[in-house]
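Visitor: Attaching a single structure in C-alpha coordinates format; questions to follow.
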Amino acid sequence: MDPEAPAPIETGQTTSSDGTTIGWHRLGTGPAIVVVHGALATGEQFLPVAHALADEYTLFLVDRRGRPLSGDAEKHDLATEVADVQAVLAVAGPGATLFGHSYGGIVSAATAAAGADISALVLYEPPLPVGGPLPETALADIAAAVDSGDNDRALTIFLSGVIHAPDAAVADLRQTPMWAEWAALAPVWLRELRVTTALVGDLDRFTAIRNRTLLLLGGASPQHQIDATGFLAEHVPDTTLVEFPGQEHFAHVSEPAAVADAIRSFLRRG
(Lines give C-alpha, C1' and ligand atoms only; values in the text may rest on other atoms or scores of the structure.)
Protein backbone atom coordinates (compact mmCIF):
# COMPACT_ATOMS: atom_id res chain seq x y z
CA MET A 1 0.00 0.00 0.00
CA ASP A 2 1.21 3.49 -0.82
CA PRO A 3 2.54 4.95 2.49
CA GLU A 4 1.25 8.36 1.42
CA ALA A 5 -2.28 7.09 0.72
CA PRO A 6 -4.95 7.80 3.33
CA ALA A 7 -5.66 4.93 5.69
CA PRO A 8 -8.70 2.90 4.60
CA ILE A 9 -11.85 3.55 6.60
CA GLU A 10 -14.12 0.80 7.90
CA THR A 11 -17.43 1.13 9.71
CA GLY A 12 -18.65 -0.94 12.61
CA GLN A 13 -21.24 -0.94 15.34
CA THR A 14 -22.02 -2.30 18.75
CA THR A 15 -25.04 -2.26 21.04
CA SER A 16 -25.30 -0.03 24.10
CA SER A 17 -26.85 -1.14 27.37
CA ASP A 18 -30.32 0.14 26.39
CA GLY A 19 -30.28 -1.70 23.07
CA THR A 20 -29.35 1.32 20.94
CA THR A 21 -26.90 0.72 18.09
CA ILE A 22 -23.73 2.82 18.31
CA GLY A 23 -21.61 3.04 15.18
CA TRP A 24 -18.16 4.30 14.32
CA HIS A 25 -15.59 4.79 11.60
CA ARG A 26 -12.35 2.89 12.19
CA LEU A 27 -8.95 3.47 10.60
CA GLY A 28 -5.27 2.98 11.31
CA THR A 29 -3.18 0.40 13.13
CA GLY A 30 -1.77 0.31 16.64
CA PRO A 31 -3.12 1.16 20.11
CA ALA A 32 -6.72 2.33 20.12
CA ILE A 33 -7.96 5.90 20.47
CA VAL A 34 -11.73 6.27 20.82
CA VAL A 35 -12.87 9.73 19.67
CA VAL A 36 -16.13 11.21 20.98
CA HIS A 37 -17.32 14.23 18.98
CA GLY A 38 -19.18 17.30 20.21
CA ALA A 39 -22.74 18.55 19.79
CA LEU A 40 -22.25 20.23 16.42
CA ALA A 41 -20.64 17.24 14.77
CA THR A 42 -20.49 13.62 13.74
CA GLY A 43 -17.47 11.36 13.91
CA GLU A 44 -16.45 12.36 10.39
CA GLN A 45 -15.40 15.80 11.66
CA PHE A 46 -12.33 14.11 13.14
CA LEU A 47 -11.16 12.33 10.00
CA PRO A 48 -8.31 14.82 9.36
CA VAL A 49 -6.91 14.25 12.86
CA ALA A 50 -7.45 10.50 12.53
CA HIS A 51 -5.58 10.31 9.23
CA ALA A 52 -2.66 12.16 10.82
CA LEU A 53 -2.51 9.56 13.63
CA ALA A 54 -3.43 6.42 11.67
CA ASP A 55 0.18 5.36 11.04
CA GLU A 56 0.62 4.73 14.78
CA TYR A 57 -2.87 4.32 16.28
CA THR A 58 -6.23 2.72 15.54
CA LEU A 59 -8.90 5.42 15.63
CA PHE A 60 -12.53 4.71 16.47
CA LEU A 61 -14.53 7.80 15.44
CA VAL A 62 -17.80 7.34 17.28
CA ASP A 63 -21.08 8.65 15.89
CA ARG A 64 -22.91 9.49 19.10
CA ARG A 65 -26.56 8.49 19.36
CA GLY A 66 -28.85 10.46 17.09
CA ARG A 67 -26.18 10.66 14.37
CA PRO A 68 -26.09 8.81 11.02
CA LEU A 69 -24.18 5.65 12.03
CA SER A 70 -26.05 5.21 15.32
CA GLY A 71 -29.57 4.69 16.53
CA ASP A 72 -31.43 6.66 19.16
CA ALA A 73 -33.97 6.25 21.95
CA GLU A 74 -36.48 8.48 23.66
CA LYS A 75 -34.61 8.52 26.96
CA HIS A 76 -31.43 10.58 26.96
CA ASP A 77 -29.13 11.59 29.79
CA LEU A 78 -25.43 11.64 30.54
CA ALA A 79 -25.47 8.11 31.95
CA THR A 80 -26.94 6.86 28.67
CA GLU A 81 -24.08 8.35 26.66
CA VAL A 82 -21.48 7.09 29.14
CA ALA A 83 -22.85 3.60 28.54
CA ASP A 84 -22.55 4.19 24.78
CA VAL A 85 -18.87 5.08 25.11
CA GLN A 86 -18.23 2.14 27.41
CA ALA A 87 -19.72 -0.16 24.75
CA VAL A 88 -17.28 1.15 22.15
CA LEU A 89 -14.37 0.93 24.60
CA ALA A 90 -15.24 -2.75 25.10
CA VAL A 91 -14.70 -3.26 21.36
CA ALA A 92 -11.51 -1.16 21.28
CA GLY A 93 -10.05 -3.26 24.09
CA PRO A 94 -8.45 -2.58 27.49
CA GLY A 95 -6.22 0.44 27.85
CA ALA A 96 -7.51 2.54 24.96
CA THR A 97 -7.11 6.30 24.99
CA LEU A 98 -10.36 8.26 25.19
CA PHE A 99 -10.52 11.61 23.36
CA GLY A 100 -13.57 13.85 23.73
CA HIS A 101 -14.28 17.24 22.19
CA SER A 102 -16.81 19.78 23.50
CA TYR A 103 -19.96 17.96 24.70
CA GLY A 104 -18.18 14.75 23.78
CA GLY A 105 -15.53 15.90 26.24
CA ILE A 106 -18.16 16.03 28.97
CA VAL A 107 -19.24 12.48 28.08
CA SER A 108 -15.62 11.30 27.98
CA ALA A 109 -14.76 12.96 31.29
CA ALA A 110 -17.81 11.37 32.92
CA THR A 111 -16.82 8.00 31.47
CA ALA A 112 -13.32 8.31 32.90
CA ALA A 113 -14.67 9.49 36.26
CA ALA A 114 -16.87 6.37 36.36
CA GLY A 115 -13.75 4.20 36.23
CA ALA A 116 -13.52 3.17 32.58
CA ASP A 117 -10.58 0.95 31.65
CA ILE A 118 -8.58 3.52 29.68
CA SER A 119 -4.88 4.34 29.65
CA ALA A 120 -5.20 8.08 29.04
CA LEU A 121 -7.77 10.81 28.57
CA VAL A 122 -7.70 13.72 26.10
CA LEU A 123 -10.23 16.55 26.55
CA TYR A 124 -10.65 19.46 24.17
CA GLU A 125 -12.73 22.19 25.84
CA PRO A 126 -15.57 20.25 27.49
CA PRO A 127 -18.06 23.04 28.32
CA LEU A 128 -18.54 22.29 32.01
CA PRO A 129 -20.89 24.95 33.41
CA VAL A 130 -18.46 26.24 36.03
CA GLY A 131 -19.91 29.76 35.69
CA GLY A 132 -23.49 28.66 36.28
CA PRO A 133 -26.35 27.29 34.15
CA LEU A 134 -26.82 28.13 30.49
CA PRO A 135 -29.23 31.02 29.83
CA GLU A 136 -32.77 29.73 30.38
CA THR A 137 -34.25 32.24 27.93
CA ALA A 138 -31.94 31.08 25.16
CA LEU A 139 -32.71 27.41 25.85
CA ALA A 140 -36.44 28.14 25.80
CA ASP A 141 -36.13 30.04 22.53
CA ILE A 142 -34.10 27.21 20.97
CA ALA A 143 -36.72 24.69 22.08
CA ALA A 144 -39.50 26.80 20.59
CA ALA A 145 -37.63 27.08 17.30
CA VAL A 146 -37.02 23.31 17.17
CA ASP A 147 -40.67 22.60 18.00
CA SER A 148 -41.74 24.83 15.10
CA GLY A 149 -39.28 23.15 12.72
CA ASP A 150 -37.07 26.24 12.40
CA ASN A 151 -33.70 24.61 13.02
CA ASP A 152 -31.93 27.49 11.30
CA ARG A 153 -33.23 29.91 13.92
CA ALA A 154 -32.40 27.42 16.68
CA LEU A 155 -28.78 27.33 15.55
CA THR A 156 -28.60 31.12 15.33
CA ILE A 157 -29.86 31.44 18.91
CA PHE A 158 -27.44 28.78 20.11
CA LEU A 159 -24.41 30.45 18.57
CA SER A 160 -25.42 33.98 19.62
CA GLY A 161 -27.18 33.39 22.93
CA VAL A 162 -25.29 30.42 24.40
CA ILE A 163 -21.82 30.41 22.83
CA HIS A 164 -21.84 34.24 22.48
CA ALA A 165 -20.28 34.11 19.02
CA PRO A 166 -19.95 37.56 17.41
CA ASP A 167 -22.53 38.43 14.77
CA ALA A 168 -19.82 38.50 12.10
CA ALA A 169 -18.72 34.98 13.02
CA VAL A 170 -22.30 33.70 12.85
CA ALA A 171 -22.72 35.34 9.44
CA ASP A 172 -19.52 33.69 8.21
CA LEU A 173 -20.58 30.27 9.49
CA ARG A 174 -23.91 30.64 7.72
CA GLN A 175 -22.01 30.63 4.41
CA THR A 176 -20.24 27.32 5.09
CA PRO A 177 -21.46 23.74 4.45
CA MET A 178 -21.25 23.16 8.22
CA TRP A 179 -24.26 25.40 8.83
CA ALA A 180 -26.81 23.06 7.27
CA GLU A 181 -25.22 20.05 8.99
CA TRP A 182 -25.32 21.74 12.41
CA ALA A 183 -28.87 22.98 11.96
CA ALA A 184 -30.12 19.52 11.01
CA LEU A 185 -28.84 18.21 14.35
CA ALA A 186 -30.70 20.84 16.41
CA PRO A 187 -33.16 18.45 18.11
CA VAL A 188 -30.24 16.31 19.25
CA TRP A 189 -27.92 19.02 20.54
CA LEU A 190 -30.81 20.78 22.30
CA ARG A 191 -31.11 17.86 24.69
CA GLU A 192 -27.33 17.90 25.16
CA LEU A 193 -27.50 21.55 26.18
CA ARG A 194 -30.05 20.57 28.82
CA VAL A 195 -27.73 17.88 30.15
CA THR A 196 -24.89 20.40 30.28
CA THR A 197 -26.81 23.00 32.26
CA ALA A 198 -28.04 20.32 34.69
CA LEU A 199 -24.42 19.62 35.66
CA VAL A 200 -24.14 22.87 37.62
CA GLY A 201 -24.66 21.06 40.92
CA ASP A 202 -22.75 17.93 39.90
CA LEU A 203 -19.28 19.14 38.91
CA ASP A 204 -17.63 17.24 41.74
CA ARG A 205 -18.09 14.02 39.79
CA PHE A 206 -15.29 15.10 37.46
CA THR A 207 -12.81 15.41 40.34
CA ALA A 208 -12.83 11.58 40.49
CA ILE A 209 -10.78 11.35 37.28
CA ARG A 210 -7.46 9.63 38.00
CA ASN A 211 -6.23 8.97 34.46
CA ARG A 212 -3.38 11.02 33.10
CA THR A 213 -5.13 13.68 31.09
CA LEU A 214 -4.24 15.97 28.20
CA LEU A 215 -6.21 19.21 28.14
CA LEU A 216 -6.41 20.97 24.77
CA LEU A 217 -7.35 24.65 24.61
CA GLY A 218 -7.66 27.18 21.84
CA GLY A 219 -5.60 30.28 22.60
CA ALA A 220 -8.43 32.48 21.32
CA SER A 221 -11.28 30.49 22.88
CA PRO A 222 -13.94 32.33 24.92
CA GLN A 223 -13.60 32.76 28.65
CA HIS A 224 -16.17 30.11 29.59
CA GLN A 225 -14.08 27.48 27.79
CA ILE A 226 -10.93 28.72 29.47
CA ASP A 227 -12.65 28.56 32.86
CA ALA A 228 -13.95 25.02 32.30
CA THR A 229 -10.51 23.81 31.25
CA GLY A 230 -9.02 25.58 34.26
CA PHE A 231 -11.42 23.73 36.55
CA LEU A 232 -10.17 20.41 35.23
CA ALA A 233 -6.52 21.49 35.45
CA GLU A 234 -7.08 22.40 39.09
CA HIS A 235 -9.08 19.35 40.17
CA VAL A 236 -7.69 16.45 38.11
CA PRO A 237 -4.36 15.32 39.62
CA ASP A 238 -2.35 14.43 36.49
CA THR A 239 -2.97 16.94 33.69
CA THR A 240 -0.95 18.37 30.82
CA LEU A 241 -2.21 21.52 29.09
CA VAL A 242 -1.52 22.27 25.43
CA GLU A 243 -2.75 25.56 23.97
CA PHE A 244 -3.14 26.21 20.25
CA PRO A 245 -2.20 29.86 19.60
CA GLY A 246 -4.80 31.80 17.64
CA GLN A 247 -7.22 28.87 17.51
CA GLU A 248 -10.64 28.51 19.12
CA HIS A 249 -12.99 25.57 19.62
CA PHE A 250 -12.39 23.79 16.31
CA ALA A 251 -8.61 23.48 15.92
CA HIS A 252 -9.18 19.84 14.95
CA VAL A 253 -10.81 21.23 11.79
CA SER A 254 -8.59 24.26 11.13
CA GLU A 255 -5.26 22.80 12.34
CA PRO A 256 -5.68 19.00 12.48
CA ALA A 257 -1.93 18.33 12.26
CA ALA A 258 -1.31 20.42 15.38
CA VAL A 259 -3.99 18.55 17.32
CA ALA A 260 -2.65 15.19 16.13
CA ASP A 261 0.91 16.19 17.08
CA ALA A 262 -0.19 17.21 20.58
CA ILE A 263 -1.95 13.89 21.12
CA ARG A 264 0.94 11.86 19.68
CA SER A 265 3.52 13.64 21.85
CA PHE A 266 1.42 13.18 24.97
CA LEU A 267 0.85 9.46 24.37
CA ARG A 268 4.49 8.80 23.51
CA ARG A 269 5.55 10.23 26.86
CA GLY A 270 3.54 7.45 28.50
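Visitor: Of all accessible surface on the chain at a 1.4 Å probe, what whole percent is carbon and sulfur?
Guide: Details: 5980 of 11350 Å².
Answer for the chain is 53 percent, counting heavy atoms of protein chains only.
Visitor: Taking the Cα centre of each part, how many Å lie between the range 1-64 and the range 207-229?
Guide: Between the Cα centres of the range 1-64 and the range 207-229 lies a distance of 23 Å.
Visitor: Please give the net charge around Ala180, taking every other residue with its beta carbon less than 14 angstrom from that of Ala180, where Lys and Arg add +1 and Asp and Glu add -1. Display every interim value, and only then the final one.
Guide: Numbers: positive: Arg153, Arg174; negative: Asp150, Asp152, Glu181.
For residues surrounding Ala180, the net value is -1.
Visitor: Further question: Between Thr15 and Ala220, what FRET efficiency comes out of the Förster formula 1/(1 + (r/R0)^6) with R0 = 30 Å and r the beta carbon distance, rounded to 0.05? Please report the intermediate quantities before stating the final value.
Guide: Details: r = 40 Å, r/R0 = 1.35.
Plugging the Cβ-Cβ distance into 1/(1 + (r/R0)^6) gives 0.15.
Visitor: While we're on this one: Label 7 Å along Cα→Cβ of Ser254; the range 159-188 residues with amide nitrogen under 15 Å?
Guide: Only 165-174, 176 fall inside the zone, counting backbone N under 15 Å.
Visitor: Show me, for the range 138-146, the HN-Hα J-couplings you get by feeding each phi into the Karplus relation (A = 6.51, B = -1.76, C = 1.60, θ = phi - 60°), rounded to Hz, glycine and proline as x.
Guide: Values, residue by residue: 5, 4, 5, 5, 5, 4, 5, 5, 4 Hz.
Visitor: Roughly what % of DSSP beta bridges within the range 1-152 run antiparallel, to the nearest 5?
Guide: On the way: 12 of 27 bridges.
Here the share of antiparallel DSSP bridges comes out near 45 percent.
Visitor: Please give the calculated 222 nm ellipticity per residue for the chain, where each DSSP H segment of at least 4 residues contributes -39500 (n - 2.57) and the sum is spread over every residue; nearest 500 deg cm²/dmol?
Guide: Values: 11 runs with 111 residues, N = 270.
That calculation yields -12000 deg cm²/dmol at 222 nm.
Visitor: May I ask you to rank Ser254, Ser102 by accessible area, largest first, using a 1.4 Å probe over the protein chains only?
Guide: On the way: Ser254 65, Ser102 20 Å².
Correct descending sequence by accessible area is Ser254, Ser102.
Visitor: In addition: Would you calculate the separation in nanometres between label points at His164 and Ala90, each defined as 7 Å from the Cα along the Cα-to-beta-carbon direction?
Guide: In this crude label model, His164 to Ala90 measures out at 4.2 nm.
Visitor: Kindly express, to the nearest 10 degrees and within the range 0 to 90, the angle between helix 103-113's C-alpha long axis and the longest C-alpha principal axis of the chain.
Guide: With rounding to tens, the tilt is 50 degrees.
Visitor: What's the angle, to the nearest 10 degrees (0 to 90), between helix 256-269's Cα axis and the longest principal axis of the chain?
Guide: Here the helix axis deviates by roughly 50 degrees.
Visitor: In Å², what does the accessible area per residue of the chain work out to with a 1.4 Å probe? Before the final figure, lay out the partial values.
Guide: On the way: 11350 Å² over 270 residues.
With all protein chains present, the chain gives 42 Å² per residue.
Visitor: A further question on this structure: For labels at Ala180 and Asp227 in the simple 7 Å Cα→Cβ model, what's the distance in nm?
Guide: 3.7 nm
Visitor: State log₁₀ I(q)/I(0) for the range 111-183 at q = 0.11, 0.17, 0.21, 0.26 Å⁻¹ as given by the Debye formula over alpha-carbon point scatterers of equal weight, solvent excluded.
Guide: The computed values of log10 I(q)/I(0) come out as -0.41, -0.78, -0.95, -1.17.
Visitor: Can you give the local net charge around Gly104? Use residues other than it whose beta-carbon is closer than 10 angstrom to its beta-carbon, Lys and Arg +1, Asp and Glu -1.
Guide: Working: positive: Arg64; negative: Glu81, Glu192.
So the environment of Gly104 carries a net charge of -1.
The values are calculated or read from the model by the stated rules, or taken from the named source; none is laboratory data. No experiment lies behind these values; they were computed from the predicted model shown. For neighbour counting, all protein chains shown are included, and Cβ atoms are generated from backbone atoms with ideal geometry for every residue, glycine included. We work out accessible area using only protein heavy atoms, side chains counted, and drop any ligands, DNA or RNA first. Shrake-Rupley method; radii C 1.70, N 1.55, O 1.52, S 1.80 Å.
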